[in-house]
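Shown next, in structure tokens, is the structure this report addresses.
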Amino acid sequence: MTFSIFNKITKNINKVIVGKSRAIELILTALLAEGHLLLEDVPGVGKTLMARALAKSIGGSFHRIQFTPDLLPSDITGFNVYNQKEGKFIFQPGPVMSNVLLADEINRTIPRTQSSLLESMQEKQVTVDGVTMDLPFPFFVMATQNPIELEGTFPLPEAQLDRFLMKIKLGYPTHKEEITILERFQKEDPLENIISVTRPEEILSLQKERQKIYLSQQINHYIVSLTNATRNNTKILYGASPRASLHLMKAAQGLAALKNRDFVLPDDIRLLFIPILAHRVVIETKEKLKGLTPEKILTEVLDKIEVPTVGFDNEKSNK
């Protein structure tokens, strides 16, 4: 069931987005793992289209917030307005009350406003004037940010970054892919022709089913060995937290479900390790000056930690 539904969603998104199969797979993995996604890329490569196509495909509500320096927390969460006719305050829900929330250019607003999403992303709820309200389920944040080098941006706080399950890039299309984009959008917007292939309730059910995906003890040890290695690496100032291990586990379950498997393989962990940990680790300043990036250092970690190769089937059969 999982494979069938997400295969339909993938085909739907491919009607709008050209040649980004790996990115689509990671986005759907994050959705299935009940996580949130950070897209870091230059403007115009299809980040907004990706989010809108996903929302339409799952039949869910969609809101987009354009983050600007003057954006206030209440512009995200909503606020109470006094209704003189009824003689009481009426809550005006903010755009956070949606199934898919696109936080566009999130690093263009001040850290205080960025942090207003923390409760929603972690607790799936929002508190306004002391009253707490649950968000719609499923709740999925796709945030985009411009590269830090661009003028007028504010780096995301570490606490905010840690709430994102993974960070990915779409990248520029190839010459052939860009020709296809021109031909596809020449006469009409393909997004207008997308219809939902599932319902939010089904996505919520699949998220619960994901928890049943089997992880062997060897896989658990492999996950912890990898995250521990980031904490004991002389090139890394701050390593990954236990939340990173949990996110890696959940994402691996989600990826296995997308691959139509009921168990996690070491290859799942290896494929997800860098997208899930690269934005969480802080490397030493002297290593940055040498041109090293978190991705390069994490690749070294992957190469050093032994990959478990035997015992999965036997251990699973004994359960």
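Every residue in the stretch 124-140 that is assigned to a loop (DSSP other than H, G, I, E, B) and surrounded by 12 or more Cβ atoms within 10 Å (Cβ to Cβ), please. Once the filter is applied, which keeps residues that are assigned to a loop (DSSP other than H, G, I, E, B) and surrounded by 12 or more Cβ atoms within 10 Å (Cβ to Cβ), the stretch 124-140 yields K124, L135, P136, F137, P138, F139.
Look through A244, A251 and report the one residue that is closer than 29 Å to K15 by Cβ and either among the hydrophobic types (A, V, I, L, M, F, W, C) or in a strand (DSSP E or B) (or both).
Answer to the check: A251.
Determine whether the stretch 141-155 contains at least one residue that is among the aromatic types (F, W, Y), exposed (fewer than 14 other Cβ atoms within 10 Å of the Cβ) and either touching a Phe, Trp or Tyr at 6+ places or on another chain (Cβ under 9 Å) or not in a helix (DSSP H, G or I) (or both). No, every residue in the stretch 141-155 fails to be among the aromatic types (F, W, Y), exposed (fewer than 14 other Cβ atoms within 10 Å of the Cβ) and either touching a Phe, Trp or Tyr at 6+ places or on another chain (Cβ under 9 Å) or not in a helix (DSSP H, G or I) (or both). Residues in the stretch 256-298 that are over 20 Å from L38 (Cβ atoms), without any contact (Cβ under 8 Å) to a residue 24 or more places away in the chain, surrounded by fewer than 20 Cβ atoms within 10 Å (Cβ to Cβ) and of a type in the set (D, E): D267 only.
Residues of the stretch 267-298 that are β-branched (V, I, T) and not in a helix (DSSP H, G or I): V281, V282, I283, T293. Picking from residues in the stretch 207-241 that are part of a loop (DSSP other than H, G, I, E, B) and among the hydroxyl-bearing types (S, T, Y), the one that is surrounded by the most Cβ atoms within 10 Å (Cβ to Cβ) is S216. Looking only at the stretch 198-206, decide whether some residue is outside any helix (DSSP H, G or I), free of Cβ contacts under 8 Å to residues at least 60 places away in the same chain and either more than 19 Å from L37 (Cβ to Cβ) or of a type in the set (D, E, K, R) (or both). Among the residues of the stretch 198-206, not one is outside any helix (DSSP H, G or I), free of Cβ contacts under 8 Å to residues at least 60 places away in the same chain and either more than 19 Å from L37 (Cβ to Cβ) or of a type in the set (D, E, K, R) (or both), which makes the answer no.
Taken together, the values in this text are just the output of simple stated rules run on the coordinates, not laboratory data. Remember, it's a predicted structure, so these values are computed and weren't measured experimentally. When we count neighbours, we look across all protein chains shown, and the Cβ atoms used for this are built from the backbone with ideal geometry, even at glycine.
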